[in-house]
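What follows is a short report on a single structure.
A short reminder: the numbers here are calculations on the coordinates, not readings from a lab. Since we're looking at a predicted model, the values are computed, not measured. When we count neighbours, we look across all protein chains shown, and the Cβ atoms used for this are built from the backbone with ideal geometry, even at glycine.
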Amino acid sequence: MKQPFIRIALLACCAGWLVANGPALADDAAPEPKPLKLTTTADHTKFKELQKQFNSGPEVTKACLACHTEAAGQIHRTKHWKWEYLNPDTKQTLGKKTVVNNFCISIASNYASCTSCHVGYGWKDANFDFKSEENVDCLACHDTSGNYKKPPGFAGNPVVKDTEFPPGSGKIIKGIDLSKIAQKVGKTSRDTCGACHFNGGGGDGVKHGDMDSSLAAPTKELDVHMDAEGLDFTCGTCHTSSSHDVAGSRYAPTAQDKQGARIRGKADKGNPATCVACHGNGPHKKEARLNQHATKIACQTCHIPTYARGGIPTKMVWDWSTAGKRDAEGKQITKKDAKGHIIYESRKGDFTLAENVKPEYVWFNGQVTYTLITDKVEKSEQRTPINKLGGSPTDGKSMIWPMKIFRGTQPYDPVNKTLVTPHTAGNDDTGYWKNLDWDKAITVGMKDSGHPFSGKIDFIKTEMSWPITHMVAPKEKALGCVECHSKQSRLAGIQGIYIPVRDNNKLLDTIGWSIVFLTMLGVFVHGAIRVVSSRKH
Amino acid sequence: MAERIYVFKRFERFWHWSQAGLIMFLMLTAFDIHGTYTIFGFEKAVAYHTIAAWSLIGLWVFAIFWHFTTGEWKQYIPTTEKVLAMVHYYSVGIFRNEPHPFKLTQLRKHNPLQRLAYLGIMLFVGPLIWVTGVLYLFYSDWARLGITGLPLEWVATGHIVGAFMMLAFLIAHVYLTTAGHTPMAHIKAMITGWEEVE
């Protein structure tokens with residue numbers, strides 16, 4: 001919010017100076033104020049290597065690597081680069097390269113669009129060279145100017161010259177000045193991480209529900225840690241990194257952390273991004289009872305009362321089966337709700353959006369098993385899980401966790417009984433978003449992902465679980481007891497534990513009140529007879 | 001002319017009425033916690049219930065001490081003598097204006113049915129509520145105290161059973177205070193200490 005204002009103010013000053021001092025190059029004229037707090041010992045504007053025009057991302061990276069010689073090699077080992085993750089418990093090979101979800105479904109055959117969020121340049125098809133050092137994108141994470149953009153459709157490349165895109169559309173994407181951006185590199189920020197992670201699923205807040213652009217500069221109420229005027233945590237404050245590998249994972253989350261607060265010098269291989277990593281296992285100082293609760297209930301369950309709290313709705317339901325409608329002129333349709341959010345698109349189908357959503361709660365032990373493209377699925381009333389969460393009240397490893405459960409209806413192959421990977425994005429005659437033709441889109445997409453397709457298409461109901469862990473409210477806004485200890489308990493679906501009030505025994509209550517009632521009745525009858533008989537005497 | 005006997009000493013009256021107040025407040029908060037109605041709401045009701053419970057425990061420490069040092073505990077030794085007469089009186093005699101079969105003295109201030117009822121409360125309902133209540137209160141320390149394999153549901157059920165029994169007792173007890181030789185005689189005695197007997 002503040003930055004654009006400052007920029008406008010600077011421009012205005014600059015314009016004023018120009019008027020006063022006659023013609024000069026605007027670039028030379030802009031006085032860059034010194035940052036108030038230098039967090040780095042290197043001022044990249046002073047580096048000759050960066051004082052040149054860069055015509056592409058890889059040119060910048062080469063300049064970076066001249067000094068930061070090992071950086072690309074470090075990146076090469078990370079999920080951010082490989083989009084691949086071998087789950088050590090389930091032995092499943094996961095990562096964006098492999099998984100299928102119920103949002104935009106899969107990256108296969110859609111690389112040029114999806115890889116705008118890859119920390120690399122040029123991943124346009126399945127033949128991308130993962131050994132290339134110059135194709136590592138340093139700026140995606142280290143830009144501090146806010147001007148670095150990687151539009152979808154360019155395979156992760158920034159646009160350096162004004163470009164019409166899609167070709168023939170008349171829409172111009174403005175070129176950006178990589179030299180200026182390269183000279184302003186610094187630490188990662190909520191903005192750099194958010195550029196991709198706030199926009200998962202194809203738009204602001206769509207996917208996670210607990211991450212959207214409202215976290216760029218949140219209030220205390222929205223996130224007590226990231227509070228821009230308070231603690232001002234960046235993502236990296238919790239998701240610490242070592243050799244460019246960022247801690248924290250949705251493929252193998254830490255559901256229960258018994259290690260207590262991390263102290264320097266203490267050897268541990270645990271996840272530093274858990275609540276416990278800082279707060280320890282007994283954080284409630286006044287109420288020991290709450291620490292007892294915390295042995296079974298994830299911190300997030302009470303401390304994140306609702307998600308999508310920042311004014312940006314998240315997608316709850318996506319029905320691909322209704323996609324493909326056209327208006328009378330044969331054009332694609334877009335429908336919006338009262339607030340202007342899209343609820344139907346010909347190319348995507350129907351959406352349900354929601355803000356301020358109460359999570360659903362499940363026992364979760366951190367194990368996530370995906371339904372991959374190679375797995376058989378069966379159409380039934382029961383939704384097919386895109387990712388199945390492990391957990392039970394008795395395994396000793398599970399906690400009660402808040403979840404966003406995203407429900408979808410997506411295309412599948414009813415003969416081979418598998419999910420499918422349609423070709424959606426792309427300015428060609430098979431991409432679904434342009435042509436609204438499932439046959440072509442799925443045939444091409446399945447060929448690209450290398451899996452058999454029968455040619456038959458049906459739709460299957462799926463669901464995907466997203467652990468809720470961001471948007472931590474201040475403690476005053478944590479859930480009150482009655483949210484769970486009531487007959488309308490938030491934990492209504494949680495089995496295996498006795499929750500006072502939720503689990504009141506109806507029979508016991510009936511017997512109890514009957515005894516009380518009969519006692520009252522006895523007392524009244526006895527009293528009435530006494531009154532009547534005393535009058536006789 | 002009615003005879004007057006000093007039956008309830010000062011501490012005993014203090015004990016009775018503060019206990020009565022605490023128990024009624026505990027009842028009020030108990031069924032608030034239980035979800036029967038909402039006055040304070042679960043969270044506050046639990047806090048108040050806990051404070052009142054500790055207060056009552058404190059009061060009981062004094063009361064037990066008093067009973068044993070004064071020998072008043074003997075008032076609760078059960079007897080079968082005149083039990084049937086009392087049952088007959090409450091079910092028939094009281095309606096016929098028959099005389100009370102029990103002659104109250106300082107050493108026998110409770111009639112045989114009272115003795116049985118109070119003893120039952122003190123030996124069964126009371127301990128049930130206290131034991132389950134304290135277990136409930138210290139649920140977070142069970143593991144440390146070595147309590148394993150005890151389902152919380154049993155503790156909760158015991159506590160609720162105790163609460164209903166105490167409520168039923170309270171109703172009958174309050175009613176029977178009017179069953180003296182005049183409706184207000186017992187109540188006056190509990191306030192002033194002096195009971196009028198015929």
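Taking the conditions exactly as written (under 30 Å from residue A:219 (Cβ atoms), part of a loop (DSSP other than H, G, I, E, B) and of a type outside the set (Lys, Arg)), does residue A:471 satisfy them or not?
yes
Table: residues versus (1) in contact with a helix residue (DSSP H, G or I) (Cβ under 7 Å, 6 or more places away or on another chain); (2) surrounded by fewer than 14 Cβ atoms within 10 Å (Cβ to Cβ); (3) aliphatic (A, V, I, L, M).
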position	(1), (2), (3)
B:148	no, yes, no
B:160	yes, no, yes
B:167	yes, no, yes
B:180	yes, no, no
Among residues of the range A:243-269, those that are of a type outside the set (A, V, I, L, M, F, W, C) and either over 22 Å from the mean Cα position of the chain (by Cα) or assigned to a helix (DSSP H, G or I) (or both), counted = 10
Working carefully through the options A:400, A:405, A:460, find the one that is of a type in the set (Val, Ile, Thr), in a strand (DSSP E or B) and either closer than 22 Å to residue A:325 by Cβ or without any contact (Cβ under 8 Å) to a residue 12 or more places away in the chain (or both).
-> A:460
When the residues of the range B:17-75 are filtered to those that are within 12 Å of chain A (Cβ to nearest Cβ) and among the β-branched types (Val, Ile, Thr), which remaining residue is farthest from residue A:487 (Cα to Cα)?
-> B:50
Could you look through the range A:474-485, keep only residues that are in a loop (DSSP other than H, G, I, E, B) and out of contact with any helix residue (DSSP H, G or I) (no Cβ under 7 Å at 6 or more places or on another chain), and pick out the one that is farthest from the other protein chains (Cβ to nearest Cβ)?
-> A:474
Of the conditions (1) of a type in the set (Ser, Thr, Tyr); (2) within 14 Å of another protein chain (Cβ to nearest Cβ); (3) in contact (Cβ under 8 Å) with a residue 12 or more places away in the chain, residue A:465 clears all except one; give me its number.
-> (2)
Residues in the range A:498-521: is at least one of a type in the set (Lys, Arg), buried (at least 16 other Cβ atoms within 10 Å of the Cβ) and more than 10 Å from every other protein chain (Cβ to nearest Cβ)?
-> no
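Quick one: which residue in A:254, A:295 is farther than 30 Å from residue A:69 by Cβ and buried (at least 17 other Cβ atoms within 10 Å of the Cβ)?
The unique qualifying residue is A:254.
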Collect the residues in the range B:139-177 that are assigned to a helix (DSSP H, G or I) and farther than 30 Å from residue A:520 by Cβ, keeping them in residue-number order.
-> B:139, B:140, B:141, B:142, B:143, B:144, B:145, B:152
